[in-house]
Structure formats: structure tokens, C-alpha cells
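The values are calculated or read from the model by the stated rules, or taken from the named source; none is laboratory data. Small disclaimer: the values here were computed from a predicted structure and weren't measured. When we count neighbours, we look across all protein chains shown, and the Cβ atoms used for this are built from the backbone with ideal geometry, even at glycine. We work out accessible area using only protein heavy atoms, side chains counted, and drop any ligands, DNA or RNA first. Shrake-Rupley method; radii C 1.70, N 1.55, O 1.52, S 1.80 Å.
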Amino acid sequence: MNVELKVVEGGCNERNTLINLSAKQDQMHITCKTITGNRDQASIGVGFISFTDMNLILNGSFFRGNNTDSPETLRDIEVNSRVVSGQITSDKRTNFSDPVIFILEHLKEKSSSHVVICVFWNSTEGEGSWSRQGCTLSNTNRTHTECSCTHLSSFAIIMAIQEIEDAQVQDHFPLQVLTHVGLTFSLLCLSLAILTFLFCSSSRNTSTPMHLQLCICLFLAELLLLTGMDRTSNRIGCAIIAGLLQYFFLASFSWMFVEALMLFLTVRNLNVANYFNTRKIKTPHLCLFGYGFPMLIVIISAASKPDSYGTPRHCWLKSSTGHVWSFLGPVCAFILINSSLFVTTLVMLTKKLSSVNANVSTIKDTRLVTFKAGAQLLVLGCTWIIGLFQFGSAAQIMAYLFTIINSFQGAFILLVHCILNRQVREEYLRWFRRMHKPTRESQSSGTMSTAAVPLKSLKDGNTLITEHSVVTQNTT
């Protein structure tokens with residue numbers, strides 16, 4: 001065994017002071033308040049022990065499981081860490097208000113098909129068994145696992161790894177494929193929209209900077225979601241990815257709100273010429289809200305609960321701690337506001353169109369306006385509300401519906417703001433012709449250079465005749 005002991009003379013100056021102990025490659029973190037209990041002591045002691053090869057004796061066959069993961073649903077159960085034990089001088093050794101944190105080294109690298117369970121040796125049940133009661137998994141990667149336990153004694157706190165046939169992963173495989181295909185398609189459409197807003201002069205108006213910022217934020221969020229969501233091997237890197245995902249998606253919804261607000265103001269002031277130019281609404285002011293508000297939320301969220309970024313399976317906010325509502329709360333607020341502005345805008349637009357001469361408002365125009373109105377729901381992110389209903393028996397259906405619909409958000413941004421714009425379509429056509437013009441010119445020049453060699457020439461007086469040209473020379 002490997003042991004580290006610490007004695008603190010004079011008690012704890014601050015009861016929240018953290019005492020760190022390590023043995024071999026395992027660690028234990030415990031507060032002074034946990035060691036002393038409710039009594040002030042002249043000196044306090046704590047010990048941490050790491051046993052070598054004890055995992056071979058108290059192996060995985062002693063694991064009894066519980067209602068959610070009984071041994072019948074698991075296979076290849078094994079203890080994949082050294083057995084550790086903690087000792088303190090206090091009489092109270094259970095129901096700690098501040099849990100004891102154990103960071104245990106894996107004896108074998110954890111693969112993606114393994115599940116990690118934090119357990120302790122419970123000698124009160126028969127011959128003794130591994131139990132997970134009072135111990136929860138805080139974090140894990142390929143080499144280490146962090147366990148949080150509300151009790152401490154001479155019992156061992158260990159980690160058990162079970163390789164299981166995860167039916168849920170198999171069931172979700174089509175959804176994973178659909179998600180990757182949908183995100184790739186959306187990224188392609190968003191990249192085309194970004195290039196259009198940057199280089200197409202026909203698309204530039206007072207709303208173009210807002211469209212561009214929305215596309216950039218969505219592009220970065222979806223690219224990070226596609227490439228970094230499952231990179232959980234590095235804990236710090238995973239937490240950074242989770243924070244960036246939270247920021248870029250919140251920034252996307254901020255710009256969706258700006259889009260909805262500007263659309264509302266445009267329709268309400270259709271009779272006012274150059275409304276936005278007279279109000280001098282500047283892009284830097286909008287950027288202050290579009291990028292500053294999400295940054296404020298992420299900073300407050302990360303400062304309050306930094307350990308809530310990153311889970312064992314995904315680089316995202318932990319739902320078990322309720323911290324995911326630091327993202328869902330603002331998103332729900334944006335969706336509610338955007339939906340209200342959209343409905344109000346649609347009502348005002350309907351009234352204004354009904355007052356227009358019937359000869360002007362044709363059936364074709366009405367259909368186009370109706371289609372654009374429906375597409376605007378996706379542009380403003382209102383369909384994200386489907387993601388809140390992924391529970392119960394309809395969870396899988398709602399997950400597929402949410403993935404399919406929101407995969408077209410980038411496509412509808414490209415369609416509404418670019419393709420359905422006649423000037424932009426004409427610019428696309430000019431770009432296409434410009435791309436093919438050099439090819440045709442090179443082919444033509446190649447043909448002319450071959451034919452430029454005179455096969456036959458005749459000089460008749462003042463006229464030079466070839467097979468390709470006739471040149472008349474004037475003489476005096």
C-alpha cells in the first residue's frame with residue numbers, strides 16, 4: 001500500500017479550506033469542515049491509502065448493481081483502478097455536506113464503449129459487495145475518473161468499468177448519421193450565404209450586416225458541434241468546447257432576435273422612406289448586443305459553476321446540475337420574443353397587403369409571400385422550440401423532427417436572403433458566366449492558333465488572300 005497522512009495543528013482557520021492528498025497516481029480532496037465535523041479540535045488528521053493489486057481480490061464479481069444497471073444488463077465487469085481508502089479523526093463519517101472528491105487512475109484505458117461507475121466496499125451486506133450508494137460520477141476521460149462521495153470510512157472507494165452492448169447507442173446511430181449529414185448540408189449553405197453577403201454587391205442593404213453576422217455565428221457553432229462535440233478525452237479542452245458552443249449558439253439567437261426586430265420595424269414603417277437611414281442604426285451598436293449579451297451570460301455561467309462544462313459523453317453543459325438552463329433559459333426567451341414579433345409582423349403585413357390594389361397583389365405574389373413567411377420561422381430559430389419536447393414516448397420522434405427541420409436553417413437563410421432575390425440571382429449568373437468565359441476563350445484561342453497557319457496564299461495585285469482573311473491594300 002501507499003499512504004499519505006496529514007495532521008493540522010490548531011484546527012482549521014477556515015473550515016472551507018481544501019486538503020489534498022495523493023498516493024501513487026490517485027488523489028483525495030476533502031475540506032476541513034468535513035474532517036472536524038461540528039466540533040473545534042486542537043489538531044485534526046486525515047489519511048489516504050492506495051492499495052496495490054487489491055482490485056484482483058475484490059474484483060468485479062462482487063458488484064451487485066442497482067435497479068438501473070444490474071449485472072444482468074452488463075458484461076465484462078471489472079475493477080479498473082487501485083482500491084483506495086480514506087480515514088479521518090472525526091466521529092462523523094457519513095452524510096457530508098461537502099462531498100469528498102476522489103480522482104482515480106485507470107489501470108486500462110477507457111474506450112468509448114465502456115461505462116464508468118463509482119463504487120465503495122459495503123461490508124454490511126452479507127459477505128460484502130461493491131455499492132454505488134452515496135457516490136456519483138463527476139467526470140471521466142480515457143485515463144482518470146473523478147468520483148464525488150458523501151461518506152468516508154475504511155471502506156474502499158473505487159471505480160468499476162463495464163463494457164456493455166449499449167442498445168441506445170445502436171438505436172441512435174441513424175440519428176447520428178442524419179445529424180452529421182444535416183449539419184454538413186447546413187454548413188455548405190451557410191458558407192455560400194456568407195460569400196454572397198461579402199462579395200455580392202446586389203445583396204447589400206441595411207440588413208446585410210445582420211444576415212452576415214447570423215450566418216457566421218451559426219456556421220462556427222455548427223462546425224464546432226460537428227467536429228468537437230465528442231472530444232471528451234481532454235477535460236479542459238472539452239470544457240472549452242462546451243463554453244464556445246454555448247457562446248456561439250447564444251450569439252446566433254441574439255442575431256435572430258435582431259433579425260426579427262428589424263423585420264418588425266421594416267413592416268411597421270413601410271410608408272416611411274429610408275427609415276433605417278434616418279434613424280442611423282449602426283452595425284457596431286448591434287454587434288454590442290449580438291456578441292456582448294451572450295458573452296455576459298457565458299462569463300456569469302462559467303464563473304458560478306465552472307465544473308458544469310463537459311460531461312463524460314459530450315462536450316456540453318451538465319443537465320444533472322441544472323446548469324444547462326443557463327443556455328435553455330435565454331434560448332426560450334429569444335424564441336418567445338421572436339415568435340411574438342413574427343406573428344405581429346405577419347398580421348401587419350397581411351393588413352397592408354389587403355389594402356393594395358388587387359391587380360398588383362397577384363396569386364403568385366401571395367404564394368411567394370406565404371412561402372417566405374414560413375421560411376422566416378426557420379430563419380428566426382422558432383423551430384428550436386421542438387427541442388424542448390424530447391421526453392417521454394415521443395422523444396425519439398421529436399429528436400428526428402428537430403434534427404431534420406433545423407438542418408435546413410442554413411438552407412432557408414440562403415434561400416430567403418439570396419436565391420429569392422432577383423438581383424442576387426442575376427449576380428450569380430454573371431459570376432457563372434465569368435467562370436466559364438476563360439475556358440471558352442482558351443478553347444477559341446487554341447483553335448485560332450491552329451488555323452492561323454496559312455495553308456494557301458495568293459497575291460493578286462493589291463489583294464492578299466488566305467484561307468482565313470482578305471486584306472485589301474490601297475496603293476497610290
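Applying a threshold of 9 Å to beta carbon distances and a minimum spacing of six or more residues, or different chains, the list of pairs starting in the range 301-317 at a residue that is at positive phi and ending at one that is open to solvent by less than 40 Å² (accessible area, probe 1.4 Å) and assigned to a loop (DSSP other than H, G, I, E, B) reads GLY310/THR232; GLY310/LYS318.
Restricting attention to the range 192-209, the residues being more than 14 Å from VAL416 (Cα to Cα) and open to solvent by less than 10 Å² (accessible area, probe 1.4 Å) number 1.
Every test in (1) at pLDDT 85 or above; (2) surrounded by fewer than 21 Cβ atoms within 10 Å (Cβ to Cβ); (3) over 18 Å from the mean Cα position of the chain (by Cα) is passed by ALA167 save one, and that test is (1). Taking the criterion of being without any contact (Cβ under 8 Å) to a residue 40 or more places away in the chain and buried (at least 18 other Cβ atoms within 10 Å of the Cβ), the residues of the range 220-243 that qualify are LEU220, ALA221, LEU224.
Every residue, every condition in (1) of a type outside the set (Val, Ile, Thr); (2) modelled with pLDDT of 90 or more, yes or no:
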{"residue": "LEU195", "(1), (2)": "yes, yes"}
{"residue": "ASN205", "(1), (2)": "yes, no"}
{"residue": "ILE216", "(1), (2)": "no, yes"}
{"residue": "PHE248", "(1), (2)": "yes, yes"}
{"residue": "VAL258", "(1), (2)": "no, no"}
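Scan THR232, THR266 and give me the residue that is in contact with a helix residue (DSSP H, G or I) (Cβ under 8 Å, 6 or more places away or on another chain) and not in a helix (DSSP H, G or I). On inspection, the qualifying residue turns out to be THR232.
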